[in-house]
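Notes follow the structure.
The values are calculated or read from the model by the stated rules, or taken from the named source; none is laboratory data. What you are looking at is a predicted structure, and each value in this text was computed from that prediction instead of being measured. Using ideal geometry, Cβ is built from the backbone for each residue, glycine included, and neighbour counts are taken over all protein chains shown. Quick note on the areas: whole protein, heavy atoms, side chains included, nothing else; ligands and nucleic acids left out. Shrake-Rupley method; radii C 1.70, N 1.55, O 1.52, S 1.80 Å.
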Amino acid sequence: MSRIGKAPIALPSGVEFRKEGDVVVVKGKLGELRQAIHPEIQVEIENGQVVLSRPNDEKQNRAMHGLYRSLISNMVKGVSEGWKEQLELVGVGYRAAAAGQTLDLSLGFSHNIMIQLPSEVKVEAAMEKGKNPIVTLTSFDKQLLGMVTAKIRSFRRPEPYKGKGVRFVGEQVRRKAGKSAGKK
């Protein structure tokens with residue numbers, strides 16, 4: 001049995017869990033999330049915990065067992081605690097400004113990049129003198145947060161020679177050596 005799939009998911013206080021047909025609904029203080037579940041995977045609540053099971057050991061069922069357990073676990077954590085990602089803008093003149101649900105990025109292009117964020121994602125931009133700008137994104141939906149951060153990062157990926165670009169805080173960028181000296 002899958003080690004990830006067989007682990008039960010504890011439901012914290014204040015989190016409501018229900019199953020509507022093949023859709024799982026998780027509701028908490030931060031919001032409500034829905035996820036369609038494959039009909040072969042059974043989801044039950046036992047002793048205040050969510051338990052997933054599969055009918056047999058076919059490869060597809062084993063894969064979906066762990067997948068849906070992880071998705072439901074992320075939903076439960078999201079509606080109770082929330083998710084947070086921080087992006088660092090490394091480069092001379094790189095700037096970030098947040099106004100409501102709009103993020104304004106200056107990433108060395110001839111124009112600024114304006115991104116309209118979904119209402120589920122909250123954004124803050126912090127710029128301190130002498131430090132790289134930090135963009136903090138928070139949401140209760142981990143999948144949506146991941147897509148938004150990937151989109152922002154895709155505008156200027158960290159390059160391997162100088163390390164400039166948009167990266168996650170604490171991310172190690174693999175650096176390459178530049179050109180060697182002139183040939184004789």
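Worth pointing out:
- Length-normalised contact order of the range 67-117 in % [C-alpha pairs under 8 Å, at least 6 apart]: 21
- Given R0 = 41 Å, the distance between the Cβ atoms of T138 and S180 translates into a calculated FRET efficiency of 0.35.
- Backbone amide hydrogens, once placed in the peptide plane, bring R156 within less than 5 Å of V166, excluding anything fewer than 5 places away on its chain.
- Cross-link pairs exceeding 24 Å between alpha carbons, from the set K29/K142; K122/K162; K6/K151: K122/K162; K6/K151.
- The range 71-107 versus the range 49-63: alpha-carbon centroid distance in Å: 34
- Solvent-accessible heavy-atom area per residue, rounded to whole Å², over the chain at 1.4 Å: 62
- Only one residue of A98, A7, P39 has its Cα farthest out toward the positive end of the dipole of the range 1-103, where Lys and Arg carry +1 and Asp and Glu -1 on Cβ, and that residue is A98.
- Rounded to the nearest 20 debye, dipole of the range 127-184 from Cβ charges on Lys, Arg, Asp, Glu: 620
- Mean-square fluctuations from a GNM of the chain, with a 10 angstrom spring cutoff on Cα atoms, peak among K129, K151, K162 at K129.
- A simple spin-label model places the labels of I113 and E20 3.6 nm from each other, with each point 7 Å out along Cα-to-Cβ.
- Förster-model FRET efficiency, 25 Å R0, K59 and A7, C-beta, rounded to 0.05: 0.80
- Gain on full extension, evaluated as 0.36 nm per residue between N47 and E159 minus their Cα-Cα distance, stands at 35.3 nm.
- Percent accessible area from carbon and sulfur atoms, the chain, protein chains only, probe 1.4 Å: 50
- Using C-alpha pairs below 8 Å separated by at least 6 residues, the relative contact order for the range 45-184 is 22 percent.
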